1. Leaving out ligands, DNA and RNA but keeping every protein chain, what accessible area does B:D136 have, in Å² rounded to the nearest 10, with a 1.4 Å probe?
2. Can you give me the angle between helix B:116-134 and the longest principal axis of chain B, using Cα atoms only, in degrees from 0 to 90, rounded to the nearest 10?
3. Which value, in Å² rounded to 10, gives the accessible area of B:H147 with a 1.4 Å probe and all protein chains present?
4. If you count, for every residue in A:83-96, the Cβ atoms of partner chains within 10 Å of its Cβ, what is the mean?
5. Sort B:R66, B:R187 by accessible area with a 1.4 Å probe, largest first.
6. How many times 2.2 N^0.38 Å is the alpha carbon radius of gyration of region B:13-72?
7. Helix-derived [θ] at 222 nm for chain B: sum -39500 (n - 2.57) over DSSP H runs of at least 4, divide by residue count, nearest 500?
8. Please identify every one of the trypsin sites (Lys or Arg not before Pro) in region B:115-182 that sits in a loop by DSSP and has no more than 15 other beta carbons within 10 Å of its own beta carbon.
Amino acid sequence: MTVSVAPRPDIQEGTRTGTEEATGSLTAPDIPWNLVIWNDPVNLMSYVSYVFQSYFGYSGTKANKLMMEVHKKGRSIVASGSKEQVERHAVAMHGFGLWATVEKASGGPGGKSGKSGGSGQGKGKRG
Amino acid sequence: MAKAFKYGLKGITGYLEPAERELLRSLIDDVISMLEPEERAGQDPLAALIGLDMDVAAPSDRAVLRLLPDVMKNDDDASLEFRQLTERSLRETKIGALRAAALDLDKDELVLTGDGPRHWSMALNDVRLVLAERLDIRDEEDAGHVHLMQDWSQAEDVESYLALVYNFATWLQESLVQAMLASMETRR
């Protein structure tokens with residue numbers, strides 16, 4: 001349901017080899033991060049879709065799909081990349097008034113796209 | 001009565017009655033005053049100039065916190081560090097959009113071109129976020145209750161008045177975003 005959202009394949013290729021044997025260092029420079037958008041009862045669905053289209057350049061179809069995921073599941077990973085990249089996106093999202101956070105792609109809460117019910121963040125289900 | 005925004009040859013056009021402009025202007029001014037960073041004595045002017053604010057703290061007002069949210073869940077230290085680097089410029093971005101919208105309200109005709117529609121949608125969104133905090137809208141059910149309030153003759157107390165204002169801002173933003181989506185569609 002959610003897996004197609006983030007550009008996962010390239011991320012895995014990018015990090016697999018380096019971190020595995022890297023003397024236990026946790027801060028490999030290319031650990032991928034996710035930008036998460038959270039549901040809230042105020043932001044209009046049309047506006048959220050517009051922001052995804054205009055800021056990320058996503059098609060209307062993709063933007064609507066992500067928007068519905070936010071609405072129905074409470075959150076959605078809408079972009080991935082380096083920490084700096086997703087932080088820049090987060091500031092932009094806050095500029096638009098969307099509720100955005102960043103998190104490490106692997107190991108973090110919901111890092112595996114949350115399909116195994118790992119949402120555990122209290123907000124649970126809404127809408 | 002206001003007219004819904006629509007996309008046409010001139011750009012995105014709308015119409016607001018003088019009283020509606022006045023209302024929006026005061027709402028926008030309120031949000032601007034919430035976002036204006038306080039000038040503290042002894043602040044490093046160079047740091048301020050490049051947008052750093054080492055004395056920043058997470059906002060205590062829930063509405064301001066909604067406008068300037070934490071960037072990480074469950075990591076207050078990292079969120080605070082991020083605030084020090086970014087919050088000032090985020091405040092300025094938001095204030096810029098709000099001011100641009102307020103300036104448009106001074107013109108006779110409401111014609112939005114260039115960055116105008118984006119600024120307006122951001123401004124209306126921030127206005128709605130603040131109103132929603134004041135109305136204590138926490139979930140979709142709360143939003144549904146507020147949405148039922150549509151009759152201005154029923155405005156008897158502050159809360160019902162706020163609900164009507166919120167619904168007006170919602171309607172206006174929805175019509176604007178629909179016009180913006182229509183304009184994106186034709187440019188594709």
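The values are calculated or read from the model by the stated rules, or taken from the named source; none is laboratory data. Keep in mind the model is a prediction, meaning the values are calculated, not measured. So basically every Cβ, Gly included, is an ideal-geometry build from the backbone, and we count neighbours across all protein chains shown. Calculation scope for accessible area: heavy atoms of the full protein, side chains included, ligands and nucleic acids excluded. Shrake-Rupley method; radii C 1.70, N 1.55, O 1.52, S 1.80 Å.
1. Rounded to the nearest 10, that gives 80 Å².
2. Orientation of helix B:116-134: about 80 degrees from the principal axis.
3. 110 Å²
4. The per-residue average across the peptide is 4.
5. Working: B:R66 35, B:R187 175 Å².
These residues rank, largest area first, as B:R187, B:R66.
6. Numbers: Rg = 16.2 Å, N = 60, 2.2 N^0.38 = 10.4 Å.
Ratio of Cα Rg to 2.2 N^0.38 Å: 1.55.
7. -20500 deg cm²/dmol
8. Those that pass, being in a loop and sparsely packed, are B:R138.
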